[in-house]
């Protein structure tokens, strides 16, 4: 059983007929909503850098496709940068600074979560507000994250496995959509950046890191 979280699936099984079953964390599908939240928190940002991992071309193309109309709808210009290594992340930030990016929207990819300290450090160094899918990146110093609750996703995965062990056929199990999402805001990072977090956004946050 594979766990391609970058594609939004915690548990996935492809049946002979091509049917897919599992738990969908809607990682990519939430990109537009995450961009809206970033805009709400940093309304002065007009040029948003989008950092993606080209190693997962499907997730990258889907994220960019979803972001472009969402950005146009709220008057934002997005600039796409790519990175597959720590060195390329440094290069991407240098390019973002040259292009005068007002904020950074991080693509949903496990690689970026693994490089969260580097990303948060560079964002702080260059005073670039950072929005991500994984709460771990916000805990490391990013500004805001919004995504499916991973713990709840693994709980759902456990339920799936249990049903299969009890004799259920994977082909008979439907894809379950995540229903629990987390909005995490790093208030300390906001203060360092000179941002005032709107009270309405604070009220909606599942966690505020002080």
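A compact table of results
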{"item": "Odd one out for residue 18 among (1) out of contact with any helix residue (DSSP H, G or I) (no Cβ under 9 Å at 6 or more places or on another chain); (2) modelled with pLDDT of 95 or more; (3) in a loop (DSSP other than H, G, I, E, B)", "result": "(2)"}
{"item": "Condition check for residue 11: at pLDDT below 85, surrounded by 19 or more Cβ atoms within 10 Å (Cβ to Cβ), touching a helix residue (DSSP H, G or I) at 6+ places or on another chain (Cβ under 9 Å) and assigned to a helix (DSSP H, G or I)", "result": "no"}
{"item": "Lone qualifier among 44, 103, 131 - being surrounded by 17 or more Cβ atoms within 10 Å (Cβ to Cβ), within 22 Å of residue 194 (Cβ to Cβ) and more than 14 Å from the chain's Cα centre (by Cα)", "result": "103"}
{"item": "Filter pass, residue 159 being surrounded by fewer than 17 Cβ atoms within 10 Å (Cβ to Cβ), outside any strand (DSSP E or B), modelled with pLDDT under 60 and within 20 Å of the chain's Cα centre (by Cα)", "result": "no"}
{"item": "Qualifying position, being outside any strand (DSSP E or B), surrounded by fewer than 20 Cβ atoms within 10 Å (Cβ to Cβ), over 16 Å from the mean Cα position of the chain (by Cα) and in contact (Cβ under 8 Å) with a residue 24 or more places away in the chain, among 124, 95, 70", "result": "124"}
{"item": "Some residue of the range 134-150 being surrounded by fewer than 19 Cβ atoms within 10 Å (Cβ to Cβ), at pLDDT 95 or above and over 22 Å from residue 33 (Cβ atoms)", "result": "no"}
{"item": "Any pair with Cβ under 9 angstrom, 6 or more apart, that starts in the range 181-202 at a residue that is on the phi > 0 side of the Ramachandran plot and at pLDDT 95 or above and ends at one that is surrounded by fewer than 13 Cβ atoms within 10 Å (Cβ to Cβ) and part of a loop (DSSP other than H, G, I, E, B)", "result": "194/127"}
{"item": "Count - residues of the range 59-81 that are within 15 Å of residue 109 (Cα to Cα) and out of contact with any helix residue (DSSP H, G or I) (no Cβ under 7 Å at 6 or more places or on another chain)", "result": "4"}
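The values are calculated or read from the model by the stated rules, or taken from the named source; none is laboratory data. Everything numeric here is computed off the predicted structure, so don't read it as measured data. Backbone-built Cβ (ideal geometry, glycine too); neighbour counts: all protein chains shown.
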